[in-house]
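Note sheet for the following structure.
Please treat every number below as a calculation from the coordinates, not as lab data. Keep in mind that this is a model prediction, so the values were computed, not measured. Virtual Cβ from ideal backbone geometry, glycine too; neighbours counted across all protein chains shown.
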Amino acid sequence: MKNNSVLIIGAGVGGLSVGIRLAAEGFRVRIIEKNSLPGGWLKPTKVGDVTFPNAGCIVTMPHQIDALFESVGRSVSDYLTLEEVSPIIRFIFPEENDYTLHREAADTLMKNSLFGLQDQQGYTAYGKRSDRILDEFLPKFFEKPYKRSRNPFAPEFGFRSYRPQRSGQSVSERLFTSEELRSIHAFWPMFCGGNPAVSSHFYRMIPAAMQRWGVYYPKGGPEAFINALVKLFEECGGEIQYNSEAEAIQVYNGAVTGVRLTDNSIRMADYVISDADTAYTCRSLIDSDRFRYSTVEAARMRKPGISLFIYHMTLRNTPTEKRPLLGFNVILPTDMQQWERELFGEKQLPDHLMFYLNCPAKIDPAYVPEEKGALSVICPVPNLDSEVNWPRESYRFREHILDTLQDLFENDLRSDLIGEQYITPVTLRDSFNSYQGAAWGFDPNQERTEIRCLPNRCEDIVNLYLVGSGAHPGPFLPGVLQGAEIAYKQIIAGRKDL
Ligand SMILES: Cc1cc2nc3c(=O)[nH]c(=O)nc-3n(C[C@H](O)[C@H](O)[C@H](O)COP(=O)(O)OP(=O)(O)OC[C@H]3O[C@@H](n4cnc5c(N)ncnc54)[C@H](O)[C@@H]3O)c2cc1C
C-alpha cells in the first residue's frame, strides 16, 4: 500500500484513538511520546501509596468509546469497565447553600432547595433549550470537519436560533432569580477554561450531555482507559516509542515528509498527526522560515487559555466533612465577580478561590488505602502570560488553598497531611509542552465571535493533521475522540482521491 506510513506526535487520547483507527486500516503507525508513559493529561500522579488522577475522571458520551472499539471489531467491555457516577457533581457555596446535578432533571429540581416556583420554570426552559442546542450542535459543528475560512457560527449555518454571541451570564440572569442558580447556570464554560461572565451560553450543552448520556468513571481510573487504548493500538499493529521528543515537523514543497526528534534522528512519514498542544505544535514544531503558513499565523492570533494549579494531598485519616461532599465538587468563591475580574481580567492569583475538589476515595475506593484520606484540588490560575512568579508563589498559594479547604473539614488538615504534590503552570509547560501552560488549549473567551480551535486537516501543509484539545471540535474527551475520528476519515477520503 502506498502512502501508508503515519507518525503521530503524542500518546494522549487524541493520538492513540486516531492511531487505533489508522493501524486497523493497514497503515504503519508509530507514535512518538516525549514522556516515559502514555496518556498525557490522563497520566496519574503518585503520592506515596495513593494514585491521583489528574484529568479524565468524568466520561460522558460513552457511546463514542464504544464506537471506537467497534470500529476495529472489538467490544469495549473486554477492555474497560465504565461505572455510572450518581449524583454527578456538587457545587458548594461559601455560606450554607449547595447544588447537586443529578442525571434526571426531575431529581435535580426536587432535591435542590434553591428552586422557588419561578426558578423551576426557568430551569425547565433552560433544559429544553440546552437539549435543542445539543441536537443542533452535534451534526452541524461537532461531528463535521470545519474549515477556518468558514465561521460555523455565521448565520448561514443555522445557529442563529440560539444566538451564540449571548453570554451564559446574560441567559441565566434572564431565567433565574436566585443568585446561586444564576452563578451555576453561567458556570459551565469553566469546564473548558471559559470566563462565565463573557463566554457563550452554548456551553450549557455540557450539563445537557451529562444528563442525556450520564457520567461514568473508568474502573481503575483514567489510567485504565489509557491502558485499554494502548492495548488496542498495539493489537492493531501500532508502535509507541517512549522518551522520544519531536523537535520539528519537516515540510518540503508544502507537504510533510516526517519529523526530526531532539536526538537529531529523522523519522520519515507520509502523514504526520500532532496530538501535542496545538498552539505549541504550530508555534514551535512547524518550520515556518521558508513559507508563511496561514495555520501557523492562525495559532499565533489565538490567545492561550487559563492554566491550573493542581494540589494532591494524602492524609493520615479520612477527613471529617462539615458539609457533605461527593466525589466531584466545585467550590465556589465568596465573591464570584471579583474572582472573575482577578483571574480573567487582571490575570492575578485570585484572593477568593474557586476550585474543583475531587475526593478520590468516593470516586473509586480502591484508589485510597482504607485508613487514609486523599483530596485533590484543581484550581484555575492565570497562564504563564501573567506575571506570577511560580517558583516564589507556589508555596504561598498552596497555603491559601489549605486555608480555604480547611473551612470544609473538621480535622486540622495541616497536621493530618502526610504527603503532597503540586503541579503548576510551569510543570504543564515543561512536561506536556503546553504553550504558556494553558490547560485547555486556546482561550475560549474569544469564541463568541470566532472559533477557538483549528481544523483537524491543516489547510496549507499537505498531510499534516491536528488532534487534541486545541483542534476541532475542542477539548474534553468527547471533543478529542471526535476530532480523532474526523482526522481519520479525512485521511481515508484523501487517499481515495490519490
Ligand atoms: C485538570 C483537567 C481535568 C480534566 N478532566 C476531564 C474530565 O474529567 N473529562 C473529560 O472529558 N475531559 C477532561 N479534561 C480534558 C481532557 O483531559 C483533555 O481534553 C484530553 O485529555 C486531551 O488529550 P490530548 O490527546 O489532546 O492531549 P494530551 O493529554 O495533552 O496529550 C498530548 C501528548 O503529547 C505529548 N507530547 C507533547 N509534545 C511532544 C513532543 N514534542 N514530542 C512527543 N510527544 C509530545 C505529551 O507528552 C502528551 O503525552 C480535563 C482537562 C484538565 C486540564
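For this structure, a couple of remarks:
- The trypsin sites (Lys or Arg not before Pro) of the stretch 1-34 meeting both criteria, a DSSP state outside H, G, I, E and B (loop) and at most 14 other C-beta atoms within 10 angstrom of the site's C-beta, are K2.
- Loop-located chymotrypsin sites (Phe, Trp or Tyr not before Pro) in the stretch 343-379 (DSSP state not H, G, I, E or B) with no more than 15 neighbouring Cβ atoms inside 10 Å do not occur.
- Per-residue Cβ neighbour rank within 10 angstrom, fewest leading, E143, E25: E143, E25
- Between G373 and L315, R316, N317, T318, the built amide H atoms are under 5 Å apart, and every one of these is 5 or more places off in sequence or on another chain.
- For the stretch 126-134, 3J(HN,Hα) per residue [Karplus equation, 6.51 cos²θ - 1.76 cosθ + 1.60, θ = phi - 60°, Hz, x = Gly/Pro]: 4, x, 4, 5, 5, 4, 5, 5, 4
- Given charges at beta-carbon only (K, R positive; D, E negative), |dipole| of the chain in Debye: 1680
- Derived scalar couplings ³J(HN,Hα) [the stretch 331-342; Karplus, 6.51 cos²θ - 1.76 cosθ + 1.60; whole Hz; x for Gly, Pro]: 9, 8, x, 5, 10, 4, 5, 5, 4, 5, 4, 5
- With bins 5 Å wide beginning at 0, the percent of Cα pairs of the stretch 105-213 falling in each bin runs 2, 12, 21, 24, 21, 11, 5, 3, 1, 0.
- Less than 5 angstrom separates the built amide H of G258 from those of Q250, A269, all sequence-distant by 5 or more or on a different chain.
- Residues whose amide H falls under 5 Å from that of L454, counting only those 5 or more places apart or on a different chain, are A471, H472, with hydrogens built in the peptide plane.
- For the chain, projected area of the alpha-carbon convex hull averaged over all directions, nm²: 22.5
- Cα gyration tensor, the stretch 307-432 - rounded (a/c under 1.5), prolate or oblate: prolate
- From phi via Karplus (6.51, -1.76, 1.60), per-residue ³J(HN,Hα) for the stretch 117-123 in Hz, x at Gly/Pro: 4, 5, 6, 5, 5, x, 5
- Of all lysines in the structure, those lying under 27 Å Cα to Cα from K372, and not within fewer than 8 positions of it along the same chain, are K43, K46, K219, K322, K362.
- The charge dipole of the stretch 105-213, taken about its Cα centre with unit charges on the Cβ atoms of Lys, Arg (+1), Asp and Glu (-1) only, comes to about 520 debye.
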